[in-house]
Amino acid sequence: MLFSTFTSLLAPLFATSSYLQSHLPAHKASSSQTLSFELRHVHAVTPGAHILFHDVHPSDDVLRTNTQTSYHVQTRRVKSYRPTSLAAFHRARTRSQRYQENEAVDWDEDEIIGPDIASRETVLELAKITSNAYYAPGEKGWYDLDGDWNVSFPIGWEENGDGFRGHIFATPDNSTVVLSIKGTTVPYIGGGGPTSKRDKFNDNLLFSCCCARVGWSWTPVCDCYRGGWNCDQTCLETALTEESLFYSIGINLYNNLTYMYPEANIWLTGHSLGGALASLLGATFGPPVVAYEAPGERMAAGRLHLPSAPDLQHITHIYNTADPIAMGVCNGVLSECALAGYAFESRCHLGMSIIYDTVTNLSWGVGITKHPIVTVIEEVLSKPWPASEEIGREVPEPAREENCESECYSWEFGDFPSE
């Protein structure tokens, strides 16, 4: 009874998504620009890890309904770093993984058009786009968007697709493309959909200390646990590079996007697992990222041996203090997450974080019901935030998470070969 109670609470949290819209402050308004996006594609990944795209055309049924599929977003100039050579970037990752040796990577600094995260409306618009990654266009739960975003195309939405899903939105002139990545669908409500099993596997591999070995009764998702509090580091890092995992699929999808839209600025967004994947891809390739209520992905970035760019200010996390998953406190064998079989043991985020203190300002209690993107859209982002308005801002000020190192402190990671 206790287990089913907690899992029923988890389901609506994971099954929601978010959309972000932001604009420049008044003193920068003259340099801002409003972009209009439309749904272009839906995408899916087959069990064999093949990426499938379905283009959305004006003749499609969804476009003849009242479903709104276009959106307006304010922009700003964003500094971004991209590896000068992707071959050198991947060579450095491989050398670090295989030989634990560091290799310098050259980075090109660029200033590109990105979303204006100082604008509440922009953060809200992108949150809705993020939320829509959980749904097919026109499906119940789909957020109608502002008329300036054009129609997108879904990713991973073939009937039996069980993996990486989302939508791709583009401006009419293809100058800017937004990839929205679906987060976790929980399997306990209505069957959870075909992706729920692989969603959970990726969660437990990316955000756990050692293969989701939370307690003696847990079945690890990889074979790196060595007894006691020992975990084989090489085994763990190898496990994260399997081509069937969502990060590797995201790499291929991003490469496909750059091929399809070679002159476009690409933005990434997502909620929960989708937000963490967007951030990891942003750390790899350098595009602007807005992630909502994502678990801490900094630990996974280290295990993936992503060479660090000089700055990651192009990655922005948005979350609230009542969400134990984003705050990194939904852990331990008796936590709500663990009782549902999820090992969220990471805490630290890459880039900058915009944190809504809903515990102080809205008197929210900490719990997984504050994790869903719909909750954040409807109860936080859709309304003015008085605590920010008092200091002349529309949203909380972004800041780096300083001194965030206390993850998996009880574990010993090293060379523990299997016997």
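The values are calculated or read from the model by the stated rules, or taken from the named source; none is laboratory data. Fair warning: this is a prediction, and the values are worked out from it, not measured in the lab. Heads up, the Cβs are rebuilt from the backbone with ideal geometry, glycines too, and the neighbour counts pull from every protein chain shown.
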Q: Might you let me know whether region 172-192 holds any residue that is surrounded by 17 or more Cβ atoms within 10 Å (Cβ to Cβ), under 25 Å from Arg95 (Cβ atoms) and either free of Cβ contacts under 8 Å to residues at least 12 places away in the same chain or in contact with a strand residue (DSSP E or B) (Cβ under 6 Å, 6 or more places away or on another chain) (or both)?
A: no
Q. Residues in region 329-343 that are out of contact with any Ser or Thr (no Cβ under 6 Å at 6 or more places or on another chain) and in a loop (DSSP other than H, G, I, E, B): how many?
A. 9
Q. Is at least one residue of region 130-140 on the phi > 0 side of the Ramachandran plot, at pLDDT 75 or above and part of a loop (DSSP other than H, G, I, E, B)?
A. yes
Q. Name the residues in region 147-201 that are touching a Phe, Trp or Tyr at 6+ places or on another chain (Cβ under 7 Å), at pLDDT 65 or above, over 18 Å from Leu281 (Cβ atoms) and among the polar types (S, T, N, Q), would you?
A. Thr171, Asn174, Thr185
(Q) Restricting to region 71-89, count the residues that are more than 21 Å from the chain's Cα centre (by Cα) and surrounded by fewer than 18 Cβ atoms within 10 Å (Cβ to Cβ). (A) 6
Q. Which ones in region 276-306 are within 23 Å of Leu124 (Cα to Cα) and among the β-branched types (Val, Ile, Thr)?
A. Val289, Val290
(Q) Need pairs with beta-carbon distance below 8 Å; first residue more than 13 Å from Lys79 (Cα to Cα) and free of Cβ contacts under 8 Å to residues at least 60 places away in the same chain and within region 300-321, second among the acidic types (Asp, Glu) and not in a helix (DSSP H, G or I); sequence gap 6+ or separate chains. (A) Tyr319/Glu293; Thr321/Asp357
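Residues are listed down the side, and each one gets a yes or a no for (1) more than 26 Å from Ala387 (Cα to Cα); (2) of a type outside the set (Ser, Thr, Tyr):
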| site | (1), (2) |
| --- | --- |
| Ser308 | yes, no |
| Asp323 | no, yes |
| Met327 | no, yes |
| Gly341 | yes, yes |
| Ser346 | yes, no |
| Met352 | no, yes |
| Asn361 | no, yes |
Q: For region 379-401, state whether one or more residues are closer than 30 Å to Leu236 by Cα, surrounded by 14 or more Cβ atoms within 10 Å (Cβ to Cβ), out of contact with any Ser or Thr (no Cβ under 8 Å at 6 or more places or on another chain) and of a type outside the set (A, V, I, L, M).
A: no
Q. In region 104-127, which residue that is without any contact (Cβ under 8 Å) to a residue 60 or more places away in the chain and over 22 Å from Ala264 (Cβ atoms) is surrounded by the fewest Cβ atoms within 10 Å (Cβ to Cβ)?
A. Ala104
Q) With respect to the numbered conditions (1) of a type outside the set (Lys, Arg); (2) without any contact (Cβ under 8 Å) to a residue 24 or more places away in the chain; (3) in a loop (DSSP other than H, G, I, E, B), which one is the sole condition not fulfilled by Glu243? A) (2)
Q) Mind checking which residues of region 214-235 are in contact with a Cys (Cβ under 8 Å, 6 or more places away or on another chain), closer than 21 Å to Leu339 by Cα and part of a loop (DSSP other than H, G, I, E, B)? A) Pro220, Val221, Cys222
Q) If you go through region 304-354, how many residues are surrounded by fewer than 21 Cβ atoms within 10 Å (Cβ to Cβ), touching a helix residue (DSSP H, G or I) at 6+ places or on another chain (Cβ under 6 Å), modelled with pLDDT of 90 or more and not β-branched (Val, Ile, Thr)? A) 2
**Q.** strands (runs of 3 or more DSSP E) completely within region 34-110 that count 1 or more residues being modelled with pLDDT under 75 and of a type in the set (A, V, I, L, M)
**A.** 34-45, 51-55
